[in-house]
Structures are given as structure tokens and as C-alpha cells.
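Below you'll find the structure, written out as C-alpha cells, and then a few comments.
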Amino acid sequence: MNGQFQIATHVLTLLCKQPGELLSSDYVAGSMNVNPVLVRKEMRKLRACGLIESKEGKTGGYSLALPPQKITLADVYKAVKLPPALGQAKNKPNPDCPVGKQIGAHLDHLADDVEAAIVKKLSTITIFDFVNQFD
């Protein structure tokens with residue numbers, strides 16, 4: 001798994017921990033010790049899904065668009081559109097092979113089950129719940 005989910009969750013956690021404040025992408029990136037470009041990329045996705053909002057200008061920044069009790073980690077996971085949890089084959093197996101002609105369908109079914117399990121688990125945790133783990 002790449003860092004998109006982690007970045008997006010970090011963004012929402014910071015915004016939740018500082019309610020009523022507008023945070024800049026530079027501030028958020030400093031908290032993560034990453035390039036602000038990576039943060040802004042994930043923030044665009046979160047904004048497009050209605051999880052955060054932004055105000056432009058010198059006094060602008062980002063804030064939560066919804067109460068943290070209404071944002072689940074599944075919402076975050078869906079917003080960043082991660083690649084399949086089990087990866088994706090780059091080659092086409094030999095259709096004349098008894099395994100090759102069936103493996104794709106079986107792995108796709110397994111991947112769907114894994115994805116559903118991930119989303120189900122993440123649906124039970126809100127940003128509010130997640131933030132409450134912090135001091």
C-alpha cells in the first residue's frame with residue numbers, strides 16, 4: 001500500500017485536532033515531514049469527496065467539511081482510491097494452461113473479498129474515534 005491513505009488520514013486527524021482553525025498545506029506537510037505537493041494532492045481528493053473544505057487567500061487554509069463523527073476511515077480509503085489490496089497482474093496468463101485460464105477470476109474474487117473486508121472494518125472507525133487515541 002502506498003502512503004496516500006496515511007497522508008489523507010493524517011490531514012483529517014490534524015484538522016480534527018484543531019477545530020475552527022484553517023490549516024495550510026505547508027503546515028500539514030510539516031507535521032508529516034513530507035513535500036507539500038503530496039499533501040495538496042491528497043487534499044484535493046478529500047475536498048472533491050466533501051470531507052474537507054478550503055478557503056483561498058492569505059488567511060485561507062483547510063478545515064473539516066463534516067463533523068469528525070460523520071467521517072469514517074472507509075470514506076478516506078474510498079477518497080484516495082487506492083490500488084487493489086492484493087495488487088494487479090501486469091501479464092495475461094496462458095489461456096491454454098488449466099491454472100492460467102482460471103487464476104484471474106479466482107484472484108479477482110479473492111481481491112473483492114479482501115477489499116470488502118477492509119472497507120467493512122474501516123467503516124466502523126470515525127476520524128473522531130481515531131483522534132481520540134491521541135494525547
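For the reader, a short list of remarks on this structure follows.
- Among L64, L15, the order by Cβ neighbours within 10 angstrom, fewest to most, reads L64, L15.
- Take the Kirkwood radius over Cα pairs of segment 47-124, plug it into Stokes-Einstein at 4 °C and 1.567 mPa s, and you get 83 µm²/s for translational diffusion.
- In this structure, the amide hydrogen of A65, modeled 1.01 Å from its nitrogen in the peptide plane, lies closer than 5 angstrom to those of I52, E53, counting only residues at least 5 positions away or on a different chain.
- Modelled label positions at A85 and A117, each set 7 Å beyond Cα in the direction of Cβ, lie 0.6 nm from each other.
- Derived scalar couplings between HN and Hα for segment 29-43 equal 4, x, 5, 8, 6, 10, 5, x, 4, 5, 5, 4, 4, 6, 5 Hz in order, rounded to whole Hz, by the Karplus curve 6.51 cos²θ - 1.76 cosθ + 1.60 (θ = phi - 60°), x for Gly and Pro.
- Extension gain, Q133-K92: 0.36 nm per intervening residue step, less the Cα-Cα distance, totals 10.3 nm.
- P(r), alpha carbons of the chain - 5 Å bins starting at zero, rounded %: 2, 10, 18, 19, 16, 11, 8, 6, 5, 4, 2, 1, 0
- Annotation for L38 and Q18: the two label points, set 7 Å from Cα along the Cα-Cβ direction, are 1.9 nm apart.
Each value in this text was obtained by applying a stated rule to the coordinates, not by laboratory testing. Just so it is clear, the structure is predicted and the values come from calculations on it, not from any experiment. Virtual Cβ from ideal backbone geometry, glycine too; neighbours counted across all protein chains shown.
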